[in-house]
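The values are calculated or read from the model by the stated rules, or taken from the named source; none is laboratory data. Just so it is clear, the model here is predicted, and its values are computed rather than measured. No Cβ is skipped: glycine too gets one built from the backbone with ideal geometry, and neighbour counts run over all protein chains shown. Remember, those area values only see protein heavy atoms, side chains included, never the ligands or the DNA or RNA. Shrake-Rupley method; radii C 1.70, N 1.55, O 1.52, S 1.80 Å.
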Amino acid sequence: MGLRQLLYMSELARPFESSLLEDIKAASGRNNERWQVSGCLLYSKGHFLQLLEGPEESVERLFGIISADGRHARVRVLHDVPIKERLFDGWEMRTYNLESRSDLPQEFIDRVLDWIERHESNPLFLFRILDDFRNYL
């Protein structure tokens, strides 16, 4: 079975609560380790941007759960391809609220926020952002 990489964007379906990302991170930790899925989840201004990487069946199953999750609305797949190696190898699932991160360079945060505002769907631009993100951490 090959590896798959899926990038999606969604909107928060209800008002933001401080426990939201911790709840998602806890569920991700349980599911992603068992299903061998890695990646990252960024949140800002009522939007999620998440990259999932792992075995094809696992990514499909996990994305199905996410799509049905009542916290997400208007889920849109931006990129979905087979891959040979992971961009975020060794990351179970890191979760970041960009609105409260002071340890990331402001330039990076501004680029992500600009992308969210424009709803950019150019995969090359998105991967440049995610690669920058991975390199900052």
Task: Residues of segment 1-57 that turn out to be more than 17 Å from Asp69 (Cα to Cα), modelled with pLDDT under 85 and of a type in the set (Lys, Arg), as a count - done: 1
TODO: Just name the residue that is surrounded by the fewest Cβ atoms within 10 Å (Cβ to Cβ) out of those in segment 1-40 that are among the aromatic types (Phe, Trp, Tyr) and out of contact with any Ser or Thr (no Cβ under 8 Å at 6 or more places or on another chain).
DONE: Phe16
Task: Options Val81, Val75; residue that is of a type in the set (Val, Ile, Thr), modelled with pLDDT of 85 or more, assigned to a strand (DSSP E or B) and farther than 17 Å from Leu3 by Cβ - done: Val75
- [ ] Quick one: which residue in Phe88, Phe133, Phe125 is buried (at least 17 other Cβ atoms within 10 Å of the Cβ) and either at pLDDT below 70 or over 12 Å from the mean Cα position of the chain (by Cα) (or both)?
- [x] Phe133
- [ ] Please indicate, with yes or no, whether at least one residue in segment 75-85 is touching a residue at least 24 places away in the same chain (Cβ under 8 Å), in contact with an Asp or Glu (Cβ under 8 Å, 6 or more places away or on another chain) and open to solvent by less than 70 Å² (accessible area, probe 1.4 Å).
- [x] yes
Open item on the list: When you check Ile66 against the structure, is it modelled with pLDDT under 85, assigned to a helix (DSSP H, G or I), over 13 Å from Gln5 (Cα atoms) and not charged (D, E, K, R), yes or no?
Closed with: no
Task: Qualifying residue in segment 96-103 (condition: touching a residue at least 60 places away in the same chain (Cβ under 8 Å) and open to solvent by less than 20 Å² (accessible area, probe 1.4 Å)) - done: no
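Quickly run through segment 14-48 and pick out the residues that are assigned to a helix (DSSP H, G or I) and charged (D, E, K, R).
Of everything in segment 14-48, those that are assigned to a helix (DSSP H, G or I) and charged (D, E, K, R) turn out to be Glu22, Asp23, Lys25, Arg30, Glu33, Arg34.
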